[in-house]
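Notes for the one structure printed next.
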């Protein structure tokens, strides 16, 4: 895809996110919007996946370790054709397969249930290890939040992944800088994230998580890295694309009302026309 | 039973893993720096490429096991019960239980029979924790023959299984030639009419001996071995309770939430029966030789017989 095509796809995914969260009357739009460009690149450019055969053995795997950003995953899967877009309106509704946090049992395209922070990355490490044990070529991508890396389990998994030289594994940190209680620097600073992961023997790449050239280059860099896992630290804006949500911790876990949804969709419509 | 062969069920676990490893390429074994103690070292010797030491990080180990299982492996994640069920409870619940993954958890050093290491390492809560997870199978074998059969049955079962093993060498009373392990089925080891003793794990052997002591006092005790605590063999429990009218449960686990609680859940709903729970009372353990601790905490055959006799009268 050209960058323009990726941008317009990401814009559609962002519309899906705000529409779904509005319909659910709860959920996490801020962090879903911040990772939408990364999700777009993974599912429309990077990963070997097939919506018609979501369980195919040789597929690349994706784990949304920051599972509360399920709306981003669901909107991406729907955009890719894993299930109809209309399903997004059932997010968090009783009986829907679109649970508040990803559920692999019932959702086509979801490789791992996640949501309890810190746990998803370990499962991605297990998938990467299985690939190595079986000499498979698939790659594994995990997306973690920058607040999420306050969880100790992330570092247990990082230590193991590097010790086992899992170069088929990519950890992407969505560094939008905000968590529920405020700025990650003020709550319990995880900085410097890149230096920490370097010390854990990761190949570390810092990028602007909204710049497709940089995302592309980082993903290529990861593929060319042998003997160690890669971490991509993606600087992003929480709530990206929706004027009144951008950079606001308050939009971490709050649904837009009818008026706010209209503004959000108008913002995204304009962005799509630009 | 002095002349009977004694084997710790953790040893059975290690040996059964080797047999499984020979039969199935997809068996992988994980440990968290306790391979010598959990006895997965026996498997490691045979299949080093399929033994994954995760270091001292049990939560991460459970996640890795979950990820491996989604790629077709059948992981046996191994640690002490305290860390497998206790420390990693939430990882077991959310990364294994909720997605209902085909992960087997081998937990050694359960109960006070850990001995000298003391209370921090004596897990009397694991059965209670594990049986609250929807879809989790919980197995607590009573001897070497049963433990090895249980490991194989766990492999055959598709879904998460928690297996509880002990550190202490205990008598082997099952006959390998005739023994058959059926997941979710209790075994009536001794028929009786005065009282039903329902036991699990190392307390099964002790309860059988207790029944002999009771017989001499004119009390005819039925002894049931419950190796699968979840799903519980409700039919067997209810039928025996109806027959004897008195039930005693015996386990090397807290009296809160373990076998005793599971049995009471069933009886209170289906056939309210006078019941006494023998186990570790609402207390922590302590350091000491395992056999002495079992006596001190009232889980040896003589203590069981004394309590049952008083209960029946």
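The values are calculated or read from the model by the stated rules, or taken from the named source; none is laboratory data. Small disclaimer: the values here were computed from a predicted structure and weren't measured. Here the Cβ positions follow ideal geometry from the backbone for every residue, glycine too, while neighbour counts run over all protein chains shown.
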Some residue of the range B:138-145 being surrounded by fewer than 24 Cβ atoms within 10 Å (Cβ to Cβ) and either at pLDDT below 95 or farther than 23 Å from residue A:130 by Cβ (or both): yes
Any chance residue A:138 is within 14 Å of chain B (Cβ to nearest Cβ) and surrounded by fewer than 24 Cβ atoms within 10 Å (Cβ to Cβ): yes
The one condition in (1) within 14 Å of chain B (Cβ to nearest Cβ); (2) touching a residue at least 40 places away in the same chain (Cβ under 8 Å) that residue A:157 fails to fulfil: (2)
Condition met for residue B:224 (closer than 21 Å to residue B:134 by Cα and buried (at least 21 other Cβ atoms within 10 Å of the Cβ)): no
Hey, residue B:206 touching a helix residue (DSSP H, G or I) at 6+ places or on another chain (Cβ under 9 Å), part of a loop (DSSP other than H, G, I, E, B) and either in contact (Cβ under 8 Å) with a residue 40 or more places away in the chain or not assigned by TED's automatic domain parsing to the domain that holds residue B:145 (or both) or not: no
Unmet requirement for residue B:25, which otherwise passes all of (1) over 23 Å from the mean Cα position of the chain (by Cα); (2) within 11 Å of chain A (Cβ to nearest Cβ); (3) buried (at least 18 other Cβ atoms within 10 Å of the Cβ): (3)
Count of the range A:203-239 residues which are touching a helix residue (DSSP H, G or I) at 6+ places or on another chain (Cβ under 7 Å), at negative phi, surrounded by 23 or more Cβ atoms within 10 Å (Cβ to Cβ) and not in a strand (DSSP E or B): 6
Selection from the range B:61-85 of residues that are over 22 Å from residue B:125 (Cβ atoms) and in contact (Cβ under 8 Å) with a residue 40 or more places away in the chain: B:68, B:72, B:73, B:74, B:75
Residue in the range B:94-117 that is without any contact (Cβ under 8 Å) to a residue 60 or more places away in the chain, within 24 Å of residue B:280 (Cβ to Cβ), surrounded by fewer than 24 Cβ atoms within 10 Å (Cβ to Cβ) and in the same structural domain as residue B:18 (by TED's automatic domain parsing) present: no
Qualifying residue in the range A:146-153 (condition: facing another protein chain (nearest Cβ under 9 Å) and modelled with pLDDT of 95 or more): yes
Selected residue (criterion: nearest to the chain's Cα centre (by Cα)) from residues of the range A:101-131 that are in contact (Cβ under 8 Å) with a residue 60 or more places away in the chain and more than 7 Å from every other protein chain (Cβ to nearest Cβ): A:109
